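Engineer: I have a structure here, written as structure tokens, and I will follow up with some questions on it.
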């Protein structure tokens with residue numbers, strides 16, 4: 001009994017110590033977190049923030065300028081947003097410790113390197129939603145910058161890029177910035193919603209690591225010369241005025257290509273695209289017909305978006321030749337269909353579970369031809385009604401690869417079929 005009591009007492013002491021230490025730790029953590037991260041909603045610029053704060057966020061100040069910021073020796077992130085500050089704040093007291101700088105939704109209209117203290121550690125500089133018209137070369141002020149974010153300003157010109165990830169959406173730029181000084185470290189460039197109508201051949205320097213390029217919602221009339229951008233994975237060129245694509249460069253890494261809302265009347269030669277391509281969007285062009293081998297090499301294609309503008313008729317591609325590893329999701333917008341043999345094969349694959357069809361838009365997708373199916377909803381038409389006379393109940397395979405079983409049509413060759 002004595003041993004038991006002693007052991008019980010020792011165990012209880014140990015447990016009490018753990019509880020006390022845990023309480024002290026939680027208390028310290030709460031106090032530290034209250035001190036380290038500070039948010040202020042104030043009409044006047046606050047000067048009562050603890051000097052050991054590591055994160056400061058200031059909203060709604062009515063001060064037109066910030067002349068003095070206390071020397072926060074541990075400050076990592078500084079955010080000034082939704083206020084009427086009209087000049088870049090004096091950050092000299094915190095420039096040596098900052099990693100993240102965010103100044104958004106203000107009235108700042110100019111940046112001057114002369115007014116900036118060198119910020120040797122800053123990785124992110126976000127100056128979105130201001131009134132900037134020009135971005136000077138700020139490399140000397142931000143030598144370690146990795147991400148520059150400046151959408152929704154009024155930027156017309158930018159001397160040169162100074163970061164590996166550059167976001168310049170929704171500005172007024174008419175040409176690309178100079179990328180030569182970041183050619184080996186630029187991964188992302190987004191310039192959608194600008195006024196770029198032409199990119200002369202050779203504009204892009206060799207960009208070996210660039211994987212994401214967004215030039216949508218500009219006024220481009222031709223496909224840009226991307227022969228030096230060799231490792232693109234995501235390319236966005238929707239909502240331009242591209243009328244033709246004579247030749248696509250070799251893009252062995254491309255995963256996504258979006259060409260919606262252009263003036264394309266013919267599909268470009270896609271043989272140089274990667275077999276890894278998984279997402280392709282072509283809606284709101286004037287493409288009526290597709291080459292027979294359009295999809296033959298796209299073994300990893302997962303989503304395809306089609307549909308002509310102005311509700312003009314669309315012929316479906318020959319989905320039956322796709323040697324796909326995955327189920328293909330096809331979306332067709334606001335276009336009546338030519339319900340020919342390819343439409344029959346499309347319905348066949350849909351029944352086999354190899355293809356899904358969706359028809360978003362204001363009007364149901366109907367057949368425009370042949371005459372006996374005109375005006376009928378495609379989704380309500382049966383396979384027998386679509387079957388061309390030349391296709392018998394038992395389909396003949398010429399390759400013998402990838403047989404699929406169907407309730408009505410016993411077997412069909414998935415990679416190629418000859419009636």
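The values are calculated or read from the model by the stated rules, or taken from the named source; none is laboratory data. Since the structure is predicted, the reported quantities are computational estimates derived from the model, not experimental observations. Quick reminder, even Gly has a Cβ in these numbers, built from the backbone with ideal geometry, and neighbours come from all protein chains shown.
Engineer: Given the criterion more than 36 Å from the chain's Cα centre (by Cα) and modelled with pLDDT under 70, identify the matching residue among 370, 407.
Structural biologist: Working: 370 fails: modelled with pLDDT under 70.
Answer to the check: 407.
Engineer: Just wondering, is there one or more residues in region 242-259 that are within 24 Å of residue 199 (Cα to Cα), in the same structural domain as residue 180 (by TED's automatic domain parsing) and touching a residue at least 40 places away in the same chain (Cβ under 8 Å)?
Structural biologist: Step one: of region 242-259, the residues within 24 Å of residue 199 (Cα to Cα) are 242-259.
Next cut, in the same structural domain as residue 180 (by TED's automatic domain parsing) only: 242-259.
Those left that are additionally touching a residue at least 40 places away in the same chain (Cβ under 8 Å): 253, 258.
Yes: one or more hits.
Engineer: Kindly indicate which of 375, 361 is more than 24 Å from residue 258 (Cα to Cα) and part of a loop (DSSP other than H, G, I, E, B). Spell out how you get there, then give the answer.
Structural biologist: On the way: 361 fails: more than 24 Å from residue 258 (Cα to Cα).
It is 375.
Engineer: Further, regarding this structure: Taking residue 155 as the residue in question, decide whether it is in a loop (DSSP other than H, G, I, E, B) and without any contact (Cβ under 8 Å) to a residue 24 or more places away in the chain.
Structural biologist: For residue 155, the condition - in a loop (DSSP other than H, G, I, E, B) and without any contact (Cβ under 8 Å) to a residue 24 or more places away in the chain - is met.
Engineer: Quick one: in region 33-43, which of the residues that are modelled with pLDDT of 80 or more and exposed (fewer than 13 other Cβ atoms within 10 Å of the Cβ) is farthest from the chain's Cα centre (by Cα)?
Structural biologist: Applying the filter and picking the extreme gives 41.
Engineer: Assess whether residue 63 counts as being crowded, with 16+ Cβ neighbours inside 10 Å and in contact with a strand residue (DSSP E or B) (Cβ under 9 Å, 6 or more places away or on another chain). Steps first, please.
Structural biologist: Details: crowded, with 16+ Cβ neighbours inside 10 Å: yes; in contact with a strand residue (DSSP E or B) (Cβ under 9 Å, 6 or more places away or on another chain): no.
For residue 63, the condition - crowded, with 16+ Cβ neighbours inside 10 Å and in contact with a strand residue (DSSP E or B) (Cβ under 9 Å, 6 or more places away or on another chain) - is not met.
Engineer: Of the residues that make up region 302-316, is at least one closer than 20 Å to residue 238 by Cβ, modelled with pLDDT of 90 or more and not in a strand (DSSP E or B)? Before the answer, list the steps.
Structural biologist: First pass over region 302-316, keeping only residues closer than 20 Å to residue 238 by Cβ: 302-312, 314.
From what's left, modelled with pLDDT of 90 or more: 302-306.
Still in the running and not in a strand (DSSP E or B): 302.
Taking every residue of region 302-316 in turn, at least one turns out to be closer than 20 Å to residue 238 by Cβ, modelled with pLDDT of 90 or more and not in a strand (DSSP E or B).
Engineer: While we're here: Out of the residues in region 58-78 that are over 22 Å from residue 115 (Cα atoms) and out of contact with any helix residue (DSSP H, G or I) (no Cβ under 9 Å at 6 or more places or on another chain), which is modelled with the highest pLDDT? Even if it seems obvious, please write down each step before you answer.
Structural biologist: Of region 58-78, the ones over 22 Å from residue 115 (Cα atoms) are 59-60, 74.
Next, only the ones that are out of contact with any helix residue (DSSP H, G or I) (no Cβ under 9 Å at 6 or more places or on another chain) stay: 59-60.
Values: 59: 91, 60: 86.
Looking at residues that are over 22 Å from residue 115 (Cα atoms) and out of contact with any helix residue (DSSP H, G or I) (no Cβ under 9 Å at 6 or more places or on another chain), I get 59.
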